[in-house]
Amino acid sequence: MKRVIMIALLAIVAMAGQAQKTVVWEQPVIGYTKFNYFKIQKVELAKDRTSLYMSITYPSEAWFRFSPDSYIEADGKRYAITGSDSIELGKEAYTSPQTMKKEFVLHFQPLPQKTKVFDMMESTQKNDFTFFYIHPDDYKMPETPVPADFRADYPEDDVWPENVFSEEPTVVHFKALNYKKGMDARIGALYFDITNPNVYNESHFNLDDEGCADFTCKVYYPTHIQFDMSSAEGVSCVTPRVAPGTEVTVLFDMLRNDKYPNSKVIGYKGYMAKFDKQMEAFTRKYISDDDNHTLPNYPDESIKQFTTVDQLIALHDSLIPAFDQALAGIKDFSDVVKYHYLDWELRLFSVYSDLCPSLLNTKEFRDYIFRTRPKCFFSNSLPVNFDLRDVMRLFAGSDVKGAGPDLLRFINAMSELNSGVYNPKPLLDDPNLSRLYDQKRQELTAKISQQKEGLAANVHYLELADVAPENTLQFLLDRYKGKVVMIDLWATWCGPCQLGHQKMAPVKEELKDKPIVYLNITSATSPFEDWKRQVNDIPGEHYYVSNEQFDALHALFKSLGGVPAYAIYNPKGELVLQQLGFSGVEPLKEALLKALE
């Protein structure tokens, strides 16, 4: 009997020892966080504590800190933070200047050792650190049921639309599964606006506490919009097709990984839902995945040698059988999806201006594109696309009528207007585009007139209509002929530029009786109102120029677009100093004195 009791006691002691053994998760998964510069290297679930071994990759001059109110949460219960190693809670911490990394440990009240999933956060307030669905690498999260209306069969008549102009807004709805308060997921929208083709329109918005959001905009023609969302694995993106007056709903799962661009998306509902879902899967399987990439590529080198349109047509026609054969072997995707990609590859190759520039600049080629192959630009299969902006300039002078040529001329004219170039109105047969052009021109003219009002005598607004980009430097030197000219290319958002202005102020005061003109030049990359306010505290002459004029100055100074950039000329117009970046006042002062000799 004693022997039986002893064995039982030993068993109890052994079980107690096992219960106290620390559970370790190596390289656990973070289901979702927008702070993807953090990694959790290890989680320890001990009897007396829960510890998170973390690392951060962050610029060394920037700091981070964790609140002493941080906590972890599991099964609706909170466990407070109790301490930390290598950082002090509530205090600023910095990464290594050499590696831009830092490792540290956060300790919390002990979770039950059987825990498989928990969250860790400072709070649910905006911008506080939050990490959701932390779990072991080998643990499979339970599947979340997809709502029935996203599992229904897609309509069979989901085909590509006609390119019809409309100013009715398009609406994209977002709904997220496995969303929790505090995720504060921020989505960025990028889309092409034909009235401002110089840049992609960019907007940002946040999902609400229910994981929903609506985005509304004008696109004028059927096209696509790209939406990006930061997450633990990087950036996940989705590009639903949209059209004026239509709505589409995107359903995604916050727990999906980001191995492929659109893998968080699990369903669509509404406009072009079938196409969007199939195109996403088609891209992932046959384009993003190198192992399955069986579609032929067009021969860039051959196109560079072309001198006639007949050669281009022959190449185009010769590629069609190869694409047909490749697409024939692709199963489970509709012809609309497969031939959308075919249209893109076969039609777009003939409009890349860097492949055969000698051919592209000929009237023969332009007429070939507009009269026989208009789908190279716009068709039922190819929407308005930002990548064609530069090519449009080649066709700005065409007199061919029709939806495609009209839109090309309109977009090129809009690009000029937004850059400050006021050329004569192009041929616009479409009354909608003609009206939009007139409206935009009036708006920009009124805006510039308003901006010019009340400027001080030393503050100048230099339009492209006044000075061509290549003449900008000579225009400025001639205007201040016989004086030393110091040019300072800067931007309102540039810290080193501001430092340079501050440090040079005493030098300018010291040399105020000398024949020196200080030209402080910025461009439209600096918000006009910010520039207008800041110039009051910077001695000298001030010029607000177009991006093209600014780029022309950068090209002459070989500054590669960097700011601040400096150039000093003597009274004869000879270059004395050329410098990128502010490295102190001495080099600039020395060059000014040399120029005065």
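Any read-out appearing in this document is the output of simple, stated calculations on the displayed coordinates, not a laboratory observation. Fair warning: this is a prediction, and the values are worked out from it, not measured in the lab. Methodologically, a virtual Cβ is constructed for each residue, glycine included, from the backbone with ideal geometry; neighbour enumeration extends over all protein chains shown.
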In order through the stretch 516-532: 3J(HN,Hα) via Karplus (6.51 cos²θ - 1.76 cosθ + 1.60), integer Hz, x for Gly, Pro: 10, 10, 9, 9, 9, 10, 10, 10, 5, 6, 9, x, 4, 5, 4, 4, 4
Neighbour-limited loop hits for chymotrypsin sites (Phe, Trp or Tyr not before Pro), the stretch 462-513 (at most 14 other Cβ within 10 Å; DSSP other than H, G, I, E, B): Trp493
Cα pair count fraction exceeding 22 Å, expressed as % - the stretch 154-287: 36 percent
Taking the stretch 19-135 and dividing mean pair separation by its residue count, relative contact order in percent (alpha carbons under 8 Å, at least six apart): 31 percent
Inter-part distance where the stretch 415-489 and the stretch 503-566 are each reduced to a Cα centre, Å: 18 Å
Relative contact order (percent, whole number), the stretch 459-596, Cα cutoff 8 Å, 6+ residue spacing: 33 percent
Loop-resident sites, the stretch 68-155, for chymotrypsin sites (Phe, Trp or Tyr not before Pro), counting at most 16 other Cβ within 10 Å (DSSP): Tyr139
Low-density loop cleavage sites - GluC sites (Glu not before Pro) in the stretch 166-230, where at most 10 other Cβ are within 10 Å (DSSP): Glu210
Using θ = phi - 60° and Karplus 6.51 cos²θ - 1.76 cosθ + 1.60, couplings along the stretch 546-553 (whole Hz; Gly, Pro as x): 6, 4, 5, 5, 5, 4, 5, 5
Residue exposure sequence - Leu511, Leu251 - by fewest surrounding Cβ within 10 Å: Leu511, Leu251
Sequence-distant lysines (8 or more away, or on other chains) whose Cα lies within less than 23 Å of Lys47: Lys21, Lys77, Lys114, Lys116
Share antiparallel - DSSP beta bridges, the stretch 459-596, percent rounded to 5: 40 percent
Reach of Lys440 by Cα under 30 Å, taken over lysines that are not fewer than 8 positions away in the same chain: Lys218, Lys363, Lys375, Lys401, Lys425, Lys452, Lys532
